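Colleague: I have a structure I would like to understand better, so I am pasting it below and will then ask my questions one at a time.
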């Protein structure tokens, strides 16, 4: 057991910290993806290798070898300093790795650089109202008409669609093929006529997502990644590339510390809530779980560092357990506050800027999104525990 | 809402109470099914209509019309007085109703009277090692050889097999028929050569059940209830007859009161456990559930009283919820006692005669037995909520 | 013996349900959530006699029982209806009737739907932070957090001593500030009292307790209705929604989620009915039962609200089906008139298990 | 950075696992449960160096770390092995080593497998009813409930002040009574002290605490092993057992039960490893981590034990597959050295969140 990253990495950590100390004031504060300040900051981060670190120099990246620890150190230091860690979004996190893996040289040259500089913002067109857990059942149709695909259908959960320049989109191009073999992966401009984006308000009261409608949207034939009918493989190609985001258990740790502070400050009938043994026991239970999840993540990280080790179950369970844990944690905060816990939006008694209620709901969304808990349990039991699949009750169509 | 049974029934209640006051000393104390005292007591109870109440007089019963309230009052009064309520066992609770419904006149005359007097004790041969949740997959074979069935196979969960005179048994008589249509319902003497009974010790450390093995057991052809191949319908005929046992939520109520007493008497570091807010909150949570289950049972009872009302879901959920509740309740008792809660058998620190641990385990057995929780949830969702069955993935064999 | 609703009660339930089906569909609730009022709904409910329900016939009401109020509450919860029912038709009449004939005029106005009474009890149940209410010489000072509802004509206020006062909404000493909560189907306010004129309704703590008890049972019933409706929606959705070429309701995981909801929720209905019945008929059991019913419903509804949302998949998280209104109503009910941990503690106190 | 076991640790684990696979199969455990002894198992573990594990090389031991002890504990739990490991190899050496060179002879005997030390800590952790231990002038009075194990040569006893004493098992002032528990894989005793001669091992409460901490981590590791084994058995059973013409493991309900067990249990492994590591390397985190690990494992194992039994259906309830030995071992571990509620309370105290 060795929990240190070693002197080389501690050197890198101070380097990042030093950079942040002298440059943090240049970072944008909000989540504005469009502003000049965000682009300038992104440029600076790429130059230092603090974002787009492993993207080849020829496409505008920093061109470093993959190094999970450095990536983690960067994330930790930016999080600690509460400084914007550069542009995110599905273009950078999903499309760029996909193009690097499956795109043509032309596609790489055309799309990667503007994407990582923030000049080209993408949205993802995967899910449909009728294709959620069963994504491969998607029905948005692409019919070849001369040199153009003609697209009709509807996507949902297209976050950032309202500001996106382009979309990467799964469409059904061969309606008669088996369902996983009739899909193509297209790229097209969101300004193409026939596209309508409607904000999708969710239970938090915000429009974190959109619905996107296509009516006779015409897309040049060559704007396809991979071959016709190979879209499913293209979309899945990067599932192996784990997104290098800050470990969620660290966030849970931050949240539970905030909850402890809350319980020290809030009172009921004059008694501090931390002094209520029943709430405190719930707090301790959750703290124990957070601890277990933090150590679990260290183990996943360690397995990734030590090539050849498969993090296995410890990796598979993080989404299921991590989202439930956060939902419970935020729920406890609401409970200890009682009626004050119900405060929302412009309520002057709001605690934590309304984050307790918002995250309580948002994490219920995350329990569902990106593979519901039911799908997670299927994966854990089948891939993790080697249990038999449910028998097929009919031929895949 | 009217929770009284009315004056007529309160008169009946005092009648029962009066009977108990003057006769309780005649009742056997233990669970001995064989003793003369048990038989004399049974005879007395039948004469007064306090057991076998609705069994026709011609077969030795009391011959009353069904009256759920009287049955309940009898059960309540015997339970309150802690007096043996007469012979139980699967012969009386299951075989007799089955014969009344599906037996021939000869079978009724031959079997019912000795069964209810306690002169003929039965065991039930339904489950097999390979046929639990999927009971209809049973494979104990009965082959007709002249005027006799020749039986080979194995049954499990045959409670009272070690003392039973006779067995009512499901066997596969038509191996080539669809699985629900190849079963016959046979009756035979447990002294028939070729029967071996082995006690089945369970996690409580007791042999509450047995395994029973059949090797070339020869049974006269006519000892069949219903027709050949109709055994499945015969066995299911009485599932509609609800057994008129004392409502389990009343027992849970008794248990939670005992737990409260325990928590008032036991201490940790000198403090009464009832004064520990965390344990007390768990206690209150369980008390609330017990309350809900008690009222739910009143509703089921009421629906049964008022003909034409279907207790529906309120009836379907009692097994699932009631067994989980008791398991939790007993588990809390163990927890509050800490290491003392582990005491078992001859441990001098035993509380409640070891009932807390025993019931903690026994109720886990009940969660599983008589239709696992998974089967219960299937039933609730399909029959109670009208949700679709799982698609058949192959033809039933 | 008849455990359940009488024919009259079933008729009442049917009438209210039918009215709310027509007049409180989701779109109507959304209109309220977006800033509209509930005047037409309350007028309609008044025509059905709802505000007069608990007022004795001798005082111009209908003279029904707490169980009847619980039945109406369940329907309002199922329809997540915006209305002043809890304060105006349940808690205030209980307090006002208990004080003899003194408030007959006001009761008549309530019954006629022309006067709405809000409730400011939080500080007498579990005072948060600096909020407190003090009465001196017929005047109130301090503040109440999270009083309901926002459009009341007067407020029934409980001070620290659990004495009850009535304050007119337009009293110059009263300031009313709208407090946004997650639950947009009802509105709460903060009341600040600066020398506000207050009529003493009762200094008998038992009156406060009986008002609290019936309020808690009504909230539990509201929760029951909301949770049952979420379960019904989930079952319906699971039957219709197809993935992998079959209704998701045919997947065992989804079926069992629904079965678990039903298994937990079904006994709650009996519990709510019994709790309503006990308030009128079983005084020895009434208070503990009210506490347990309030707390138990809160826990079960939390499970149901989450699980029903999960059954709906991503759709449950969106505003499109509006399921979140029910989710949040259950969430608000959980905290109103006492959070579960504190209410269970009260149940223990009432049984002499602790101080 | 390497979060996990070193090659040496994996080797140690493999060795212990192999030995226990061969020498502590279920039949051997049953023989102990039916009244046999564990002498051969302990002799074999001694050959592997297990009792010498935590004793420094300078004192004749192997000088490994708490994490190594946790690894062995996990294997013992997985095999539900009867052995004096917890007291003799983990807790006693921690106490004896901490008291300087005073106990080198005894440590040598422990390392050689010729002396077994039992533990009587219950009264210093959470005194039940009338049990208490009082030390006066090198003599002990009173009683300890549920000391382990039954066959020790001496007992490390903590009195009310959390001072540590050593009492010889054959001291005339000591009476030892066997106490049957549900867990037949280990035996506990009641010790009564009537002027029993007691060597003072430590009056430093921190020594008591460090002994308790490592004991708790070892119990958590034992629990981890037992629970993991139950999950493994459940998965295996579900793959083999057929009902309705398919393995029950292909039913989503059964799959999801197994997935939930795995999802809860998998992080526990990391937690146990970290807790073992922290005892040696991270003194500031060690105590809180030990508490949380003990309590969290108890909760997860309770869920796993119940669920794994359910997956086995009726078979899980019988003695035939013997699953109940694991169930009961988890159940006993839950209460030993502090029940979860009290241990969480300690975690809160250690963080200054309460007194």
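Colleague: Roughly how many Å is it from the Cα centre of the stretch B:64-91 to that of the stretch B:329-390, as a whole number?
Modeller: Each part reduced to its Cα centre gives a spacing of 25 Å.
Colleague: Rounded to the nearest angstrom and ordered from largest down, what semi-axes does the equivalent ellipsoid of the stretch D:7-111 get from its C-alpha gyration tensor (root of 5λ)?
Modeller: They are 24, 16, 10 Å, listed largest first.
Colleague: Roughly what angle does helix A:68-80 make with the longest principal axis of chain A, taking Cα atoms, 0 to 90 degrees, to the nearest 10?
Modeller: Approximately 60 degrees, to the nearest 10.
Colleague: In addition: For chain C, set up a Gaussian network in which alpha carbons nearer than 10 Å are linked by springs, and say which option among C:188, C:309, C:318 fluctuates the most.
Modeller: Between C:188, C:309, C:318, it is C:318 that shows the largest mean-square fluctuation.
Colleague: Round to a whole angstrom and tell me the spacing of the C-alpha centers of the stretch C:5-32 and the stretch C:76-137.
Modeller: Computed from Cα coordinates, the inter-centre distance equals 22 Å.
Colleague: Let me ask you something else. Shape verdict for the stretch A:7-87, please, from the Cα gyration tensor: rounded (a/c under 1.5), prolate (a/b greater than b/c) or oblate.
Modeller: Verdict is oblate for the stretch A:7-87.
Colleague: List the relative contact order of chain C as a percent without decimals, with contacts defined as Cα pairs under 8 Å and 6+ residues apart.
Modeller: After rounding, I find 16 percent.
Colleague: Roughly how far apart, in whole Å, are the Cα centres of the stretch C:255-286 and the stretch B:104-146?
Modeller: So the two Cα centres are separated by 40 Å.
Colleague: Using DSSP, restrict attention to beta bridges with both residues in the protein assembly as shown and report what percent are antiparallel, rounded to the nearest 5.
Modeller: Rounded to the nearest five, the antiparallel share is 85 percent.
Colleague: Another question about this same structure. Counting only DSSP beta bridges with both residues in chain A, what percent are antiparallel, rounded to the nearest 5?
Modeller: Within chain A, antiparallel bridges account for around 85 percent of the total.
Colleague: Which of D:340, D:283, D:56 ends up with the largest GNM mean-square fluctuation for chain D, with Cα atoms connected below 10 Å?
Modeller: D:283
Colleague: Return the calculated 222 nm mean residue ellipticity for chain C, to the nearest 500 deg cm²/dmol, obtained by summing -39500 (n - 2.57) across DSSP H runs with n ≥ 4 and dividing by the residue count.
Modeller: Calculated at 222 nm, the ellipticity per residue is -17500 deg cm²/dmol.
Colleague: Starting from the Cα of residue B:355, step 7 Å along the direction of its Cβ; do the same at residue A:163; then give the gap between the two resulting points in nm.
Modeller: For residue B:355 paired with residue A:163, the spin-label model returns 6.7 nm.
Colleague: Using helices alone, I'd like the mean residue ellipticity at 222 nm for chain B: each DSSP H run of four-plus residues gives -39500 (n - 2.57), total over residue count, nearest 500.
Modeller: For chain B, the value works out to -13000 deg cm²/dmol.
Colleague: Tell me the Kirkwood hydrodynamic radius of the stretch C:90-137 in angstroms, computed as one over the mean inverse distance between distinct C-alpha pairs.
Modeller: It works out to 12.6 Å.
Colleague: For q values of 0.11, 0.13, 0.14, 0.17 Å⁻¹, compute log₁₀ I(q)/I(0) with the Debye formula on a Cα-only model of the stretch A:122-234, without solvent.
Modeller: Cα-only, vacuum Debye calculation for the stretch A:122-234: -0.31, -0.43, -0.50, -0.74.
Colleague: Would you kindly calculate the translational diffusion coefficient of the stretch C:117-203, applying Stokes-Einstein with the Kirkwood radius from alpha carbon pairs, for 37 °C and a viscosity of 0.692 mPa s, and quote it in µm² s⁻¹ without decimals?
Modeller: Taking Rh from Cα pairs, D becomes 264 µm²/s.
Colleague: Using a Gaussian network model on chain B with a 10 Å cutoff between Cα atoms, which of B:105, B:42, B:233 fluctuates the most?
Modeller: With Cα springs under 10 Å in chain B, the top fluctuation among B:105, B:42, B:233 is at B:105.
Colleague: Normalised radius of gyration for the protein assembly as shown, please: alpha carbon Rg relative to 2.2 N^0.38 Å, two decimal places.
Modeller: Here the Cα radius of gyration is 0.98 times the empirical estimate.
Colleague: Does the stretch C:137-289 classify as rounded, prolate or oblate by the C-alpha gyration tensor (a ≥ b ≥ c root eigenvalues; a/c under 1.5 gives rounded; else a/b over b/c gives prolate, otherwise oblate)?
Modeller: oblate
Colleague: Something else about it: Give the relative contact order (percent, whole number) for chain B; include only Cα pairs under 8 Å separated by 6+ residues.
Modeller: 11
Colleague: Can you tell me the FRET efficiency between residue D:99 and residue D:18 if r is taken as the Cβ-Cβ distance and R0 is 35 Å, rounded to the nearest 0.05?
Modeller: Step by step, r from the Cβ atoms, then E = 0.50.
Colleague: Sorted from fewest to most neighbouring beta carbons within 10 Å, what does the list B:195, C:125 look like?
Modeller: B:195, C:125
Colleague: I need the inter-copy label distances for residue B:174: point set 7 Å along Cα to C-beta, values in nm with one decimal, smallest first.
Modeller: 4.9
Colleague: Still on this structure, please answer the following. Separation between the residue C:27 and residue C:112 pseudo-spin-labels, each 7 Å from Cα along Cα→Cβ, expressed in nm?
Modeller: In this crude spin-label approximation the distance works out to 3.4 nm.
Colleague: Viscosity 1.306 mPa s, temperature 10 °C: Stokes-Einstein D of chain B from its Kirkwood Cα radius, in µm² per second?
Modeller: 68
Colleague: Checking the a/c ratio against 1.5 first, then a/b against b/c, what shape does the Cα gyration tensor give for the stretch C:239-295?
Modeller: prolate
Colleague: Just grab the label-to-label distance for residue A:26 and residue D:355, each label 7 Å out from Cα along the Cβ direction, in nm (one decimal).
Modeller: Inter-label distance under the simple model: 5.5 nm.
Colleague: Sorted from shortest, what are the nm distances separating the label point of residue C:242 from equivalent points in the other copies, each placed 7 Å from Cα along Cα to C-beta?
Modeller: For residue C:242, the other copies' label points sit at 3.2 nm, shortest first.
Colleague: In addition: Report the gain in length on full extension from residue B:207 to residue B:82: 0.36 nm times residue separation, minus Cα-Cα distance, nm rounded to one decimal.
Modeller: 42.6 nm
Colleague: Taking the 0 to 90 degree range and rounding to the nearest ten, how far is the long axis of helix A:36-48 tilted relative to the main principal axis of chain A, both from C-alpha atoms?
Modeller: That helix lies at roughly 90 degrees to the long axis.
Colleague: So, one more: Which residue is it, in chain D, that holds its beta carbon closest to the axis of the D-onto-C rotation, and how many whole angstrom away?
Modeller: D:252, 2
Colleague: Next question, about the same structure. Could you compute Rg(Cα) / (2.2 N^0.38 Å) for chain D, with N its residue count?
Modeller: Here the Cα radius of gyration is 0.98 times the empirical estimate.
Colleague: What do you get when you divide the Cα radius of gyration of the stretch A:246-384 by 2.2 N^0.38 Å, with N the number of residues?
Modeller: With N residues counted in the stretch A:246-384, Rg over 2.2 N^0.38 Å equals 1.18.
Colleague: Mind checking the angle between helix B:7-23 and chain B's longest principal axis? C-alpha axes, 0 to 90 degrees, to the nearest 10.
Modeller: Its long axis makes an angle of about 90 degrees.
Colleague: Which FRET efficiency, nearest 0.05, do residue D:232 and residue A:10 yield, Cβ-Cβ r, R0 30 Å?
Modeller: 0.15
Colleague: Under the convention of a label 7 Å out along Cα→Cβ, give the distances in nm from residue A:129 to the same position in every other copy, shortest first.
Modeller: Values, ascending and in nm: 5.6.
Colleague: If you project the alpha carbons of the stretch D:206-350 onto the principal axes, what extent comes out on each, in Å, largest first?
Modeller: Principal extents (largest minus smallest coordinate, Cα): 59, 25, 21 Å.
FYI, it's all coordinate maths here, none of it is from the lab. Quantities reported herein were computed from a predicted structural model and do not represent experimental measurements. With ideal geometry, Cβ positions are generated from the backbone for all residues, glycine too; neighbour counts draw on all protein chains shown.
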